[in-house]
Structure formats: structure tokens, C-alpha cells
Amino acid sequence: MSGDKETNNEPVRLLFEMTREDNPRLFDDLIRFNKGTKRVNRLRFLAHEGLLAQNWMLVPAAGHATASALQTVSKVNPAVAGHVVQAFDAPMLDGED
């Protein structure tokens with residue numbers, strides 16, 4: 001268990017390549033920023049917002065939702081939230097559906 005605590009303190013480092021064909025909407029959003037800190041921060045923000053949207057979708061199933069939380073959930077478009085999750089999926093190989 002102490003090994004788990006040690007790995008949780010290490011930063012996560014990502015290096016990935018993405019073409020416009022992979023995800024045109026995300027690519028167009030990220031390409032607006034010069035490579036570096038601004039682009040990384042934008043990706044971090046989008047990932048964070050997508051995670052929040054994904055977690056809000058689970059609130060009604062948990063049974064602990066308040067009226068205001070349910071109103072917030074109804075504003076989340078599952079299709080849009082799914083785009084963020086899809087952006088981090090492994091690219092499909094030729095012949096896969």
C-alpha cells in the first residue's frame with residue numbers, strides 16, 4: 001500500500017500525436033495555441049471539464065442528487081461529453097468499427 005501512495009505523488013507525463021483526422025474538433029481547438037504551456041493548459045482544462053461532465057452524468061444513478069444538481073445534470077449533453085472521452089481513446093486501426 002505504501003507503494004501506491006508513492007506513485008500517486010509522481011506527476012503524469014503525456015506525449016501524444018494527433019492529426020486533424022483523429023478528432024477534427026479537438027484538433028482545431030488546440031491548434032489555436034502555440035505549442036507549449038498554453039496548449040497543454042487548454043488540454044488540461046478540456047479534460048477536467050469532460051471529467052466533471054462525465055461524473056455529473058452519474059449523479060442520478062447514485063441517488064444522492066439534490067434538485068439543483070439534477071437541473072445541472074440536465075444541461076450536460078452526453079454527446080458533447082462523449083467527444084472529450086473519445087479524444088483520449090486509442091486510435092482505431094484500419095478495419096475496426
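The values are calculated or read from the model by the stated rules, or taken from the named source; none is laboratory data. Only a predicted model underlies this, so the values are computations on that prediction, with no experimental measurement involved. Quick note on the areas: whole protein, heavy atoms, side chains included, nothing else; ligands and nucleic acids left out. Shrake-Rupley method; radii C 1.70, N 1.55, O 1.52, S 1.80 Å.
Where does each of Arg20, Arg13, Arg42, Arg32 land when they are ordered by accessible area, with a 1.4 Å probe and the largest first? Write out the running numbers ahead of the final one.
Details: Arg20 110, Arg13 200, Arg42 55, Arg32 150 Å².
Of Arg20, Arg13, Arg42, Arg32, the descending order of accessible area is Arg13, Arg32, Arg20, Arg42.
So how exposed is Leu30, as accessible area in Å² (1.4 Å probe, rounded to 10)?
10
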